[in-house]
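To start, the structure itself, in structure tokens.
The values are calculated or read from the model by the stated rules, or taken from the named source; none is laboratory data. Values in this document were obtained by computation on a predicted structure and should not be read as measured data. Methodologically, a virtual Cβ is constructed for each residue, glycine included, from the backbone with ideal geometry; neighbour enumeration extends over all protein chains shown. Just so you know, the surface numbers come from the protein's heavy atoms only, side chains and all, with ligands and any DNA or RNA stripped out. Shrake-Rupley method; radii C 1.70, N 1.55, O 1.52, S 1.80 Å.
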Amino acid sequence: MVVLVAFELRSYSEAIGGAIQILRPHVEVAIAEPDELGAKVARLDPELVLCSRSNITGRNDKPAWVEFRPYEWPGATVYVGGGYSKLEQVEFADLLAVVDLTEDLMRADLAIDGC
């Protein structure tokens with residue numbers, strides 16, 4: 001699974017991406033600048049995007065998308081599996097839970113496709 005991280009503050013991207021890589025070493029994490037987002041999504045075809053921008057793909061199924069804006073309300077909008085939710089306050093555990101949920105959905109899709 002590929003997670004693409006692109007926040008306005010590069011330090012956020014590096015800290016969050018690094019923590020995901022440590023806690024989920026089987027997940028590939030790529031860091032991008034927000035202005036590179038479209039090209040990186042097209043090239044890497046990530047399963048999950050964590051960024052400070054709205055979903056640029058126009059789809060709500062893949063990639064899963066988290067629009068994270070820590071100093072605004074809502075703190076995050078999460079698009080996973082065709083649905084979405086808003087989180088008022090976001091902790092790192094919430095972002096990690098989205099990583100896990102996306103991975104679970106990927107496995108379920110693979111199991112269905114493999115039948």
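Couple of notes before you dig in:
- Cα Rg over Rh - the stretch 25-112, Kirkwood: 0.94
- In the stretch 25-73, the GluC sites (Glu not before Pro) that fall in loop regions by DSSP, at most 15 other Cβ within 10 Å: E72
- For the chain, the relative contact order is 20 percent, taking Cα pairs closer than 8 Å that sit 6 or more residues apart in sequence and dividing their mean separation by the residue count.
- Taking only Cα atoms of the stretch 34-83, radius of gyration then Dmax in Å: 10.6, 31
- At the residue level, S52 shows approximately 10 square angstrom of accessible surface with a 1.4 angstrom probe and all protein chains present.
- Charge dipole (debye, nearest 20) of the chain; +1 at Cβ of Lys and Arg, -1 at Cβ of Asp and Glu: 140
- Loop-located trypsin sites (Lys or Arg not before Pro) in the stretch 2-62 (DSSP state not H, G, I, E or B) with no more than 16 neighbouring Cβ atoms inside 10 Å: R59.
- Charge dipole (the stretch 51-98, unit charges on Cβ, about Cα centre) - positive-most of P70, V98, G83: G83
- Beta bridges assigned by DSSP with both partners in the chain are antiparallel in approximately 45 percent of cases.
- Overall form of the stretch 1-69 per C-alpha gyration tensor (a/c, 1.5; a/b vs b/c): oblate
- Comparing L23, V5, A42 along the charge dipole axis of the stretch 1-45, the residue lying farthest to the positive side is L23, per the Cβ-charge model.
- In this structure the chain gives 55 Å² per residue of accessible area when probed at 1.4 Å with all protein chains present.
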